[in-house]
Every structure is written in C-alpha cells, then in structure tokens.
1. Would you point out the residue of the range 191-239, among those that are touching a Lys or Arg at 6+ places or on another chain (Cβ under 8 Å) and under 15 Å from LEU148 (Cα atoms), that is surrounded by the most Cβ atoms within 10 Å (Cβ to Cβ)?
2. Output yes when any residue across the range 35-48 is of a type in the set (Lys, Arg), surrounded by fewer than 19 Cβ atoms within 10 Å (Cβ to Cβ), at pLDDT below 95 and farther than 21 Å from ARG78 by Cβ, and no when none is.
3. Within the range 1-20, track down each residue that is surrounded by 10 or more Cβ atoms within 10 Å (Cβ to Cβ) and of a type outside the set (A, V, I, L, M).
4. Scan the range 136-158 for residues that are touching a residue at least 40 places away in the same chain (Cβ under 8 Å) and surrounded by fewer than 17 Cβ atoms within 10 Å (Cβ to Cβ) and jot them down.
5. Which members of the range 19-37 meet the condition of being in a strand (DSSP E or B) and more than 14 Å from LEU49 (Cβ to Cβ)?
6. Is the range 189-200 home to any residue that is farther than 22 Å from ARG174 by Cα and in a helix (DSSP H, G or I)?
7. May I ask you to list the residues in the range 30-59 that are out of contact with any helix residue (DSSP H, G or I) (no Cβ under 6 Å at 6 or more places or on another chain) and of a type in the set (Phe, Trp, Tyr)?
Amino acid sequence: MANEVTVPLLPCASIDDMVAFYAVLGFHTTHRQRKPNPYVALRREDLHLHFFELPEFDPQQSYGSCLVLTPDTGELYRAFAAGMRAAYGKVLISGTPRMTRPRARRNSDGLSGFSVIDPGGNWIRVVQSAAVGPAPTPAPVGRLAKALANAVVQGDSRGDLAQAARILDSALARAEAGDDPAALVEALAYRAEVAVALHDPATAAEMLARVDRVALSTGDAERASAALRNAADVAAALA
C-alpha cells in the first residue's frame with residue numbers, strides 16, 4: 001500500500017509556547033486540547049508537526065527530533081527567517097529556540113540542510129531531498145573548506161558547538177598562501193555564528209571584523225554571498 005503519511009509527535013514543556021513560536025514560522029493550529037492531555041497539531045502547507053505537553057519537562061534535556069525532506073532548503077529557510085525577523089527583529093541563532101543556516105552536510109552526501117531547535121528542545125532537521133532539487137555540493141576542496149565541513153557536522157548536525165569551535169580555531173589560527181578567500185569568509189562567518197551560540201560575543205565580534213578585512217574579488221564575493229549574509233545576521237544578533 002502507498003500514500004501513507006507519517007507525522008512526528010514531539011514533547012514540550014508548554015503547547016502554548018509551541019503554538020506561539022511556530023506561528024512565527026507560518027504554521028497554524030489544526031487541533032488543540034487541554035484534556036485529557038495537553039496536545040496540539042500544527043500545519044504549514046504539507047508540513048505537519050504535533051506536540052504533547054509533559055509536566056516539568058526540560059527542553060535542554062530533550063532528545064526529540066525529526067527529519068523534514070524538501071526540494072529546496074533555501075526557500076524554506078528564507079520563509080522561516082523572514083518570520084523571525086518580523087517577530088523578533090533578527091534570526092535567532094543562539095539559545096532555545098534558534099535556527100541554523102542551510103549548509104552542505106558532509107554527512108549527508110553534500111546535500112543542504114538546516115535545523116530549527118524549537119522551545120521544546122526538539123531538533124527539526126530540514127534536509128534537501130536527494131530525489132529533487134539542486135545537485136549536491138561537491139566534496140570540499142582545500143584545508144579551510146574541509147575544516148568548515150567537519151565543523152558543520154559537529155555544530156549543526158551533532159549540536160557540539162564547542163567541538164565545531166575547536167576545529168575552526170585550529171584552521172583559522174594560521175594562513176596559507178593557497179587559501180581561498182571565499183572559503184575563509186565562510187569559515188569566519190560560521191565561527192562567529194558558533195561564538196554567538198556559545199554566548200561569546202567578543203569572539204563573534206573578532207570574527208566579523210576579520211570578515212571585513214578579507215580582500216574579495218567580484219567573483220569571490222559572489223561565491224561568498226551566503227556567508228556574507230550569515231555574517232550580517234550574526235551582526236544583527238550581536239546588536
């Protein structure tokens with residue numbers, strides 16, 4: 001039999017908090033109840049997420065997670081980011097809730113992905129569908145690109161921000177003649193984002209200042225355009 005539908009059912013401390021947060025991302029409530037147990041069903045187009053409330057639930061201890069496959073991670077990210085900017089004045093990149101940027105994932109065969117970490121501590125992992133959408137990003141070339149790819153696996157996939165910072169700090173501690181300026185901007189911008197998530201504004205500001213000092217040709221700036229937008233979001237978060 002075909003055409004089955006799977007809907008994730010995830011825990012939270014408050015269904016009211018979930019409704020408020022996901023409304024920012026463009027979801028609406030299709031069902032809500034307080035008895036016999038607090039439960040809410042949310043929908044955004046074909047994306048369905050259901051949540052149940054647990055007394056004394058700690059979002060920081062949550063293991064809740066689900067995958068969302070989409071033809072275009074960038075389109076969905078931009079919609080979510082626009083909602084956050086309208087509601088909060090910035091894209092949330094630290095604390096809970098927060099959202100990571102779409103990046104090629106070395107542990108997903110180069111397919112793009114980003115994550116929404118919601119008020120319940122659930123990781124909604126948005127991944128580009130392999131069947132449709134843009135071609136996967138080729139394997140990284142060059143020491144900075146490889147370090148960035150490894151850091152993204154640790155920070156965005158595993159949630160180990162401290163390890164991501166260590167990988168990037170090691171790569172950024174020295175410059176080499178063959179370093180790609182666009183890859184340098186990408187590594188610096190991601191290190192700044194990680195610093196904000198680790199509540200280290202001084203390091204974030206230092207990384208953003210280094211981004212501003214990178215000499216970019218027109219072609220380099222075009223290749224680094226997404227990273228430069230990321231740097232702008234980090235600067236907004238710091239402000």
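The values are calculated or read from the model by the stated rules, or taken from the named source; none is laboratory data. Quick caveat, the model's predicted, so the values are computed rather than measured. Please note: Cβ atoms are built from the backbone with ideal geometry, for glycine as well, and neighbour counts cover all protein chains shown.
1. GLU193
2. Looking through the range 35-48, at least one residue is of a type in the set (Lys, Arg), surrounded by fewer than 19 Cβ atoms within 10 Å (Cβ to Cβ), at pLDDT below 95 and farther than 21 Å from ARG78 by Cβ.
3. Matches in the range 1-20: PRO8, PRO11, CYS12, SER14, ASP16, ASP17.
4. GLY142
5. Correct list: GLN33 only.
6. Yes - at least one qualifying residue is present in the range 189-200.
7. Correct list: TYR39, PHE52, PHE57.
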